[in-house]
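Asker: Before anything else, here's the structure in question.
The values are calculated or read from the model by the stated rules, or taken from the named source; none is laboratory data. Keep in mind it's a predicted model, so treat the numbers as computed, not measured. Quick reminder, even Gly has a Cβ in these numbers, built from the backbone with ideal geometry, and neighbours come from all protein chains shown. These accessible areas exclude ligands, DNA and RNA; they are computed on the full protein's heavy atoms, side chains included. Shrake-Rupley method; radii C 1.70, N 1.55, O 1.52, S 1.80 Å.
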Amino acid sequence: MFNFSSEQFRLNVGLAEMLKGGVIMDVTNVEQAKIAEDAGASAVMALERVPSDIRKEGGVARMANIEIMEAIKNAVHIPLMAKARIGHFMEARILEALGVDFIDESEVLTPADEEHHIDKNDFKVPFVCGARNLGEALRRIGEGAAMIRTKGEAGSGNIVEAVRHIRTIVREMKQLTVLGKEELAAAAKNLQAPLELVEWVAQHGTLPVPNFSAGGIATPADAALVMQLGAEAVFVGSGIFKSSDPANRANAIVMAAKNYNNPEKLLEASRSLGAAMPGLEISKIPEGELLQTRGW
Amino acid sequence: MKRVGVLSLQGDFAAHGAALERAGAAPVYVRERSQLGEIDGLILPGGESTTMLKLLRHENLFDELAEFGRRKPVFGTCAGAILMATDVTNPPQESLGLMDIAVERNAYGRQLDSRVVELDPAPEFEMRTAPGKLEAVFIRAPIIRRAGNGAQVLAEYAGDPVLIEQGRHLVATFHPELTTDARVHCLFLGKL
């Protein structure tokens, strides 16, 4: 039985609540972490290489170097997130022992288990997981995720997949709200999601945890777009530190997350940013190199 | 009916809006300077205080909020309490100085040190609201290291004040908006 009132669930979702309306930025060293904090990031995500470099260089992408994560943890005062490979519960245990504030069980790293995700209910540290649709989101919440983010297509600089995923999740939630009670079991079967979570979404029209967006955000306009579509905060990976002026762009995306409803202020945030990261057309990425199809 | 603003730059402003509704008030989500004229009191929510400071400066809201607090009641929780203090440490950062308190950020530790506890509030709190224990959700919470003259401590945890009233203002280092107990929000509404 899923326990929404457990102390652990409330604390984990509580921290996710505090991150709403903000920008979580990927960083690979202390210098970048400080730039992110100074720009107004609400958290930093430590990883070894940003997604666009992982895509370019290939090889196995693992949890980040401990010394670097420790140095970032000591250098900034905002929450520290770190990525573990899908299913790699021992990387997660090590990150928990290190004292990170949130773990991202992430498709950006090379999966360690092709069948099973981490049993996140068994941890004290909160987890965020990627999802492309409502079924995937609810499976992850059932396993204990305290936050969902759309997967998008990390490292692509192309917002189209993040848009597809947030639209899909929002549409599937809306559809549940108009179903009769007797229809929910079949809906749960189709979504391949736990019935009690399907019932919760049908009743409330939202996820039981915060719903953020990631995977392709490169400009203030991108951030505002996914927030208009229902994302409650954004993750920016390669988009900041692969642009020509990271500090300025980081700041502009923070302003955009707050002003997603105000075109005049978005115009102001979009000025004088220099070049965005180079983007990739999704259809030109070989299917085997798509990151979003990792995990289920 | 009194109009209560919730500063909605970043953080758990929506949770405060829901808590105000439970307490019987309609929230105004404040994102622009012009909205300060429409409200009788303001809540500064939880979130990241450095992010909020950045946005306050960028939106030219910092001095306006300090001025608002000289006339009207303000209630800050967690990051909001940090913004309202006169002194902030770990690390030092600027603040509105609405309340004569010194606050240390993240003083209990990191997320793994976050906790839910039951407090025995001061008799004054129960007298003005309703009797009963107070559930307190601490998330990467600050500690109030010093409270100046005229501060009334309404609840303590482990020897430190966690809910303080000073003149027209109120601060909590925990998150009453993340519980179903509306008494702290009701107390604030009573100050408007």
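Asker: Loop by DSSP (not H, G, I, E, B), at most 12 other beta-carbon atoms within 10 Å: where is the longest site-free stretch of chain A for trypsin sites (Lys or Arg not before Pro)?
Answerer: A:125-270
Asker: Nearest 100 Å² is fine: what is the total accessible surface buried where chains B and A meet, probe 1.4 Å? List each step's numbers first, then the result.
Answerer: Values: alone 8360 and 12920 Å², together 18310 Å².
It comes to approximately 3000 Å² buried between B and A.
Asker: Using +1 on the beta carbon of Lys and Arg, -1 on that of Asp and Glu, and nothing else charged, what's the dipole of the protein assembly as shown about the Cα centre, debye to 20?
Answerer: In debye, rounded to 20, the protein assembly as shown gives about 820.
Asker: Could you tell me the extents of region B:3-189's C-alpha atoms along the three principal axes, largest first, rounded to whole Å?
Answerer: For region B:3-189, the Cα spread along each principal axis is 40, 37, 33 Å.
Asker: Just want to confirm a number: the relative contact order over chain A, from Cα pairs under 8 angstrom separated by 6+ residues, in percent.
Answerer: Details: 625 pairs, mean separation 57.2, N = 296.
In percent, rounded to a whole number, it is 19.
Asker: Sticking with this one: Mean residue ellipticity at 222 nm from the helices of chain A, using -39,500 (n - 2.57) per DSSP H segment of n ≥ 4 over the full residue count, to the nearest 500 deg cm²/dmol?
Answerer: Numbers: 13 runs with 128 residues, N = 296.
Calculated mean residue ellipticity at 222 nm is -12500 deg cm²/dmol.
Asker: Please give the length that would be gained between residue B:117 and residue B:66 if that part of the chain were fully extended, namely 0.36 nm times their separation in residues minus their C-alpha to C-alpha distance (nm, one decimal).
Answerer: Separation in residues times 0.36 nm, less the Cα-Cα distance, equals 15.1 nm.
Asker: Taking a quarter of the surface of the convex hull around the Cα atoms of region B:72-112, what do you get in nm²?
Answerer: 3.0
Asker: Still on this structure, please answer the following. Compare the Cα positions of B:95, B:173, B:43 along the charge dipole of region B:3-189 (+1 at Cβ of Lys, Arg; -1 at Cβ of Asp, Glu; about the Cα centre) and return the one farthest towards the positive end.
Answerer: Highest projection toward the positive end goes to B:95.
Asker: Sticking with this structure for a sec: Based on the Kirkwood radius over alpha-carbon pairs, what value in µm²/s does the Stokes-Einstein equation return for the translational diffusion coefficient of chain A at 20 °C and 1.002 mPa s?
Answerer: Answer from the Stokes-Einstein relation: 113 µm²/s.
Asker: Could you give the nm distance between label points at residue A:122 and residue A:5, where each point is 7 Å from its Cα heading toward the beta carbon?
Answerer: Roughly 2.8 nm, to one decimal.
Asker: Could I ask something else about it? Rounded to a whole number, what % of the accessible area of region A:21-107 do carbon and sulfur atoms account for, probe 1.4 Å?
Answerer: 53
Asker: Restrict the search to region B:95-163; then list the trypsin sites (Lys or Arg not before Pro) that DSSP places in a loop and that have at most 14 other Cβ atoms within 10 Å of their Cβ.
Answerer: Numbers: sites: B:105, B:110, B:115, B:128, B:133, B:140, B:145, B:146; in loops: B:105, B:110, B:133, B:140.
Listed in order of number, the matching sites are B:133.
Asker: A follow-up question, please. Using only protein heavy atoms and a 1.4 Å probe, report how much of residue B:88 is accessible, in Å² to the nearest 10.
Answerer: Rounded to the nearest 10, the figure is 10 Å².
Asker: In nanometres, what is the gap between the two model label sites at residue A:90 and residue B:133, each 7 Å from Cα along Cα-to-Cβ?
Answerer: 4.1
Asker: Here's something else I'd like to know. Using only the alpha carbons of region A:162-296, determine the length spanned along each of the three principal axes and report them from longest to shortest in whole angstroms.
Answerer: 55, 38, 20
Asker: Cα-Cα over 25 Å: which of A:34/A:284; A:83/A:189; A:120/A:174; A:73/B:54; A:20/A:120?
Answerer: A:34/A:284; A:83/A:189; A:120/A:174
Asker: Which one, B:129, B:8, A:204, projects farthest toward the positive side of the charge dipole computed for the protein assembly as shown from Cβ point charges (K/R +1, D/E -1)?
Answerer: B:8
Asker: Now for a different question. Please find the FRET efficiency linking residue A:179 to residue A:282, where r is the Cβ-Cβ separation and R0 is fixed at 41 Å, and quote it to the nearest 0.05. Provide the component values of the computation, followed by the final result.
Answerer: Numbers: r = 32 Å, r/R0 = 0.78.
Efficiency computed from Cβ-Cβ geometry: 0.80.
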